[in-house]
Amino acid sequence: MNEKATVLVVDDSATNIQVLAGILKNDYLVKVANSGQRCLDILTAGPLPDLLLLDIDMPDMDGYEVCRRVKADSDMSKIPIIFVTGMDSDDNEEYGLTLGAVDYITKPIRPAIVQARVKTQVMLKKQSDKLTFLAFHDQLTSVYNRYFMLEVAGQKVARTLRDGHSLSLLLLDIDHFKQVNDQHGHLVGDQVLVAMAQKLMEFNRKDDLVARFGGEEFIVLLDFCDKDSAVKKAEILRQAIEDLMPAGLKVTVSIGIAELRSGKESFNDMLKRADSALYQAKEQGRNRVVVAID
Ligand SMILES: Nc1nc2c(ncn2[C@@H]2O[C@H](COP(=O)(O)OP(=O)(O)OP(=O)(O)O)[C@@H](O)[C@H]2O)c(=O)[nH]1
């Protein structure tokens, strides 16, 4: 976790880039771009840097425009931007800050000032990343938490209904988990939950979401996946967990599946149907997959 933070320096002057990179290279991984467009290309290709040092007066696309585009992009908008510029009027600074920059440094460059201000912004960015991670992830298993799932699920449902593709939900519940805790203790129970979350993540595609929804209950939300494909995936997962033997124990899951109804259905309604299917899976003897009625 103590990896060096990445700072992207954007300036059309090779000399300025050299100076700034020289000031920062001992403490940060420094990347450089010699134009606004090149900066956007680097950001689009990823991974995103922790901080952008951005010149303003550049040909073709100035730093203000780069800042505007970065702040308008949902993935990039959280990158803090410090303008580093020869434009030293109050109006320029005011404008840069209203566009969303966190700081404004005027040239000529004073190394100690650049170092101090970069250090502050990188520290704030790291803290913010950590808090965001904690807010959206389950502390025990590190998969997404219920809060994040509910946030994202609403958006995915809206998009699915608009675009007409398919979206399916697997609700997985560990069978007789109370017995695991009662017979082997809570720590072993926790190990089982962690191993199970890891297994679910192994099968994760880019568009899928895995979340711990409650104590021993997980959700896998499968984007671009109809009911038939969801059943196949659920059966593979069910078998993989049966074979897993976390903490040396045989553990099984019951899985309820629902595919979003075309037309109009909320995430909650889909979840209710998956929950009824899960209930049936438990009733029918556990360690099985049941699909909700459409
Ligand atoms: N170790 C551990 N146990 C947890 C955690 N969260 C919930 N549990 C336990 O999960 C168990 C859930 O038990 P029940 O709801 O009775 O369900 P079950 O025993 O799995 O039975 P079925 O679902 O009917 O198969 C309880 O014993 C909870 O204490 C956790 O974070 N760690």
Problem set entry | Among the residues listed as GLN155, GLN139, the single one being outside the structural domain of LEU244 (by TED's automatic domain parsing) and over 14 Å from the mean Cα position of the chain (by Cα) | GLN139
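Considering only region 273-294, how many residues are more than 10 Å from the ligand (Cβ to nearest atom) and surrounded by 14 or more Cβ atoms within 10 Å (Cβ to Cβ)? It would help to see each step written out before you state the result.
Here is the first cut: in region 273-294, the residues more than 10 Å from the ligand (Cβ to nearest atom) are 273-277, 280, 284-285, 288-294.
If we keep only those that are surrounded by 14 or more Cβ atoms within 10 Å (Cβ to Cβ) as well, we get 273-277, 280, 288-292.
Number satisfying all stated conditions: 11.
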Exercise. Does region 187-208 contain any residue that is within 19 Å of LYS282 (Cα to Cα), assigned by TED's automatic domain parsing to the domain that holds ASN287, in a loop (DSSP other than H, G, I, E, B) and within 15 Å of the ligand (Cβ to nearest atom)?
Worked result: no
For this session: Exactly one condition in (1) more than 16 Å from the ligand (Cβ to nearest atom); (2) of a type in the set (A, V, I, L, M); (3) modelled with pLDDT of 95 or more is not met by LEU161; state its number.
Result: (3)
Exercise. Pick from region 142-152 the residues that are within 17 Å of ASN204 (Cα to Cα) and among the hydroxyl-bearing types (Ser, Thr, Tyr): which of them is farthest from the chain's Cα centre (by Cα)?
Worked result: SER142
For this session: Those residues that are assigned to a helix (DSSP H, G or I), surrounded by 14 or more Cβ atoms within 10 Å (Cβ to Cβ) and not charged (D, E, K, R), I need them from region 70-83; list them, please.
Result: VAL70
Exercise. Is there a residue being loosely packed, with under 14 Cβ neighbours inside 10 Å and β-branched (Val, Ile, Thr) anywhere in region 84-95?
Worked result: no
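Among PHE148, PHE177, which is of a type in the set (Phe, Trp, Tyr) and more than 16 Å from the ligand (Cβ to nearest atom)? It would help to see each step written out before you state the result.
Values: PHE177 fails: more than 16 Å from the ligand (Cβ to nearest atom).
Within the list PHE148, PHE177, the selection yields PHE148.
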Exercise. Across region 211-227, which residue is surrounded by the fewest Cβ atoms within 10 Å (Cβ to Cβ) among those that are within 17 Å of the chain's Cα centre (by Cα) and more than 16 Å from the ligand (Cβ to nearest atom)?
Worked result: ASP223
Exercise. Within region 1-35, which residues are surrounded by fewer than 18 Cβ atoms within 10 Å (Cβ to Cβ) and part of a loop (DSSP other than H, G, I, E, B)?
Worked result: MET1, ASN2, GLU3, LYS4, SER13, LYS25, ASN26, ASP27, ASN34, SER35
Exercise. Looking at region 36-69, which of its residues are of a type in the set (A, V, I, L, M), assigned to a helix (DSSP H, G or I) and buried (at least 24 other Cβ atoms within 10 Å of the Cβ)?
Worked result: VAL66
Exercise. Taking GLY164, is it over 23 Å from the mean Cα position of the chain (by Cα), among the small types (Gly, Ala, Ser) and farther than 21 Å from LEU8 by Cβ?
Worked result: yes
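Report whether or not GLU217 is at pLDDT below 95 and not polar (S, T, N, Q).
It is false that GLU217 is at pLDDT below 95 and not polar (S, T, N, Q).
Any idea which residue in region 119-168 is farthest from LEU260 (Cα to Cα), counting only those that are assigned to a loop (DSSP other than H, G, I, E, B) and of a type in the set (S, T, N, Q)? Spell out how you get there, then give the answer.
Taking region 119-168 and keeping what is assigned to a loop (DSSP other than H, G, I, E, B), we get 138-143, 145, 164-166.
From what is left, the residues that are of a type in the set (S, T, N, Q) are 139, 141-142, 145, 166.
Details: GLN139: 29, THR141: 27, SER142: 27, ASN145: 21, SER166: 7 Å.
Here the residue is GLN139.
The values are calculated or read from the model by the stated rules, or taken from the named source; none is laboratory data. Keep in mind that this is a model prediction, so the values were computed, not measured. All Cβ positions, glycine included, derive from the backbone under ideal geometry; neighbour counts span all protein chains shown.
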